[in-house]
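Each reported figure results from applying straightforward, stated rules to the coordinates on display, with no laboratory input. Remember, predicted model here, so these are calculated numbers, not experimental data. For neighbour counting, all protein chains shown are included, and Cβ atoms are generated from backbone atoms with ideal geometry for every residue, glycine included.
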Amino acid sequence: KNEVEQSPQNLTAQEGEFITINCSYSVGISALHWLQQHPGGGIVSLFMLSSGKKKHGRLIATINIQEKHSSLHITASHPRDSAVYICAVGPGNTPLVFGKGTRLSVIA
Amino acid sequence: DAGVTQSPTHLIKTRGQQVTLRCSPKSGHDTVSWYQQALGQGPQFIFQYYEEEERQRGNFPDRFSGHQFPNYSSELNVNALLLGDSALYLCASSPRQGSFGQGTRLTVV
């Protein structure tokens with residue numbers, strides 16, 4: 001079993017839909033990261049969470065430390081949101097453990 | 001305030017050659033981690049540098065080496081390049097590795 005599990009692996013949505021991507025982890029962490037990667041592109045850090053909830057524009061990230069679970073929500077999705085979304089966790093400065101990513105396609 | 005910067009952005013090398021990739025961490029960050037992301041895969045940890053020393057290392061051969069300078073910038077060197085070294089190389093700076101560079105895409109032909 002992977003230490004970081006993401007679901008779904010692939011997701012296709014219509015423009016305007018509300019999207020949720022889930023991440024469950026089994027290791028102890030000090031922070032959880034949500035990352036975005038466009039095809040052929042580098043990684044952009046969206047959020048770094050250690051508790052609660054963060055919001056940036058149409059993106060919302062939540063984490064439940066007790067349940068070892070985090071969700072990334074996208075409101076009013078747009079085709080430019082199409083990308084791979086990656087969850088990564090780490091207990092401090094030790095190597096991050098990455099999920100396999102969720103490939104999101106938003107269709108106009 | 002610049003984030004993490006990596007150079008070059010793209011690079012093509014021939015098998016057997018050597019390559020050096022560079023990373024400047026975000027201002028105030030003193031720890032640099034390097035990751036390799038092969039096509040269609042998640043990033044894999046190569047090593048981490050702190051106070052100019054390699055602090056941790058992943059499962060990569062000795063052909064992969066690094067260095068950190070007093071200004072916290074870092075280099076990743078790969079010797080005797082193989083086709084399988086073709087990947088996106090990512091640099092992350094700490095605290096808690098919250099900042100990533102855009103990566104260097106290395107193609108070995």
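Give me Rg over Rh for the protein assembly as shown, both radii from the alpha carbons and Rh done the Kirkwood way, two decimal places.
Details: Rg = 17.3 Å, Rh = 17.8 Å.
Here Rg/Rh amounts to 0.97.
Give the relative contact order (percent, whole number) for chain A; include only Cα pairs under 8 Å separated by 6+ residues. Could the numbers behind the result be given before it?
Working: 268 pairs, mean separation 40.3, N = 108.
Rounded, it is 37 percent for chain A.
Looking only at trypsin sites (Lys or Arg not before Pro) in DSSP loops with at most 14 other Cβ atoms within 10 Å, what is the longest site-free stretch of chain A?
Excluding the exposed sites themselves, the longest stretch runs over A:2-57.
At most 15 other Cβ atoms within 10 Å and a DSSP loop assignment: could you name the chymotrypsin sites (Phe, Trp or Tyr not before Pro) in chain A that fit?
Passing sites in chain A are A:PHE18.
Note down the nm distance, to one decimal, between modelled labels 7 Å out along Cα→Cβ at B:THR20 and at A:SER26.
4.2
Given charges of +1 on the Cβ of Lys and Arg and -1 on the Cβ of Asp and Glu, with all other atoms neutral, how large is the dipole of the range B:16-109 about its Cα centre, in debye to the nearest 20?
Using only the charged Cβ atoms, the result is roughly 300 debye.
About the Cα centre of the protein assembly as shown, how large is the charge dipole given +1 on each Lys and Arg Cβ and -1 on each Asp and Glu Cβ? Please answer in debye to the nearest 20. It would help to have the intermediate numbers written out before the result.
On the way: 18 positive and 15 negative charges, 72 e Å.
Taking the Cα centre of the protein assembly as shown as origin, the dipole is about 340 debye.
Would you tally the net charge around B:THR107, using a Cβ to Cβ cut-off of less than 15 Å, leaving B:THR107 out, and scoring K and R as +1, D and E as -1? Write down the numbers at each step before the final one.
Details: positive: B:LYS13, B:ARG15, B:ARG105; negative: B:ASP85.
Net charge in that neighbourhood comes out at +2.
Once amide H atoms are placed 1.01 Å from N in the peptide plane, what residues at a sequence separation of 5 or more from A:ILE65, or on another chain, have their amide H within under 5 Å of its amide H?
A:GLY52
Counting partner chain Cβ atoms within 10 Å of every residue's Cβ in A:30-37, what's the average?
3
Shielding of B:35-46 by partners, i.e. mean partner chain Cβ atoms within 10 Å per residue?
Details: counts 5, 0, 5, 0, 1, 3, 3, 13, 10, 2, 6, 1.
The mean count of partner-chain Cβ atoms within 10 Å per residue comes to 4.
Please list, in order along the range A:73-81, the HN-Hα scalar couplings obtained from phi with the Karplus expression 6.51 cos²θ - 1.76 cosθ + 1.60 (θ = phi - 60°), rounded to whole Hz, x for Gly and Pro.
Once θ is set to phi - 60°, the couplings for the range A:73-81 become 10, 10, 8, 6, 4, 9, x, 6, 7 Hz.
Within the range B:9-87, report the trypsin sites (Lys or Arg not before Pro) that DSSP leaves as loop and that have at most 13 other Cβ atoms within 10 Å.
Those satisfying the criteria are B:ARG15, B:ARG63.
Give me, ordered by chain and number, the residues 5 or more places off B:THR5 or on other chains with an amide H under 5 Å from its own placed amide H.
Those qualifying (amide H under 5 Å, at least 5 residues apart or on another chain) are B:SER24.
If the viscosity is 1.002 mPa s and the temperature 20 °C, what translational diffusion coefficient in µm²/s does Stokes-Einstein give for chain A when Rh comes from Kirkwood over Cα pairs?
So the translational diffusion coefficient is about 155 µm²/s.
Residue-wise, which Karplus ³J(HN,Hα) couplings in Hz belong to the range B:4-10, taking 6.51 cos²θ - 1.76 cosθ + 1.60, θ = phi - 60°, and x for glycine or proline?
6, 10, 10, 8, x, 7, 9
In terms of modelled amide H atoms, which long-range or inter-chain residues lie less than 5 Å from the amide H of A:ALA83?
A:LEU104
List the GluC sites (Glu not before Pro) in chain A that DSSP assigns to loop (not H, G, I, E or B) and whose Cβ has at most 11 other Cβ atoms within 10 Å. Which are they?
Those that pass, being in a loop and sparsely packed, are A:GLU67.
Go through the range A:12-24 residue by residue and turn each phi into a ³J(HN,Hα) via Karplus (6.51, -1.76, 1.60, θ = phi - 60°); whole Hz please, and just put x for glycine and proline.
10, 9, 7, 3, x, 5, 8, 10, 10, 10, 10, 9, 10
Could you work out, residue by residue across A:9-16, how many beta carbons of other chains sit within 10 Å of that residue's beta carbon, and then give the average as an integer? Intermediate values should be presented prior to the final figure.
Numbers: counts 0, 0, 0, 0, 0, 0, 0, 0.
Counting Cβ atoms of other protein chains within 10 Å of each residue's Cβ and averaging gives 0.
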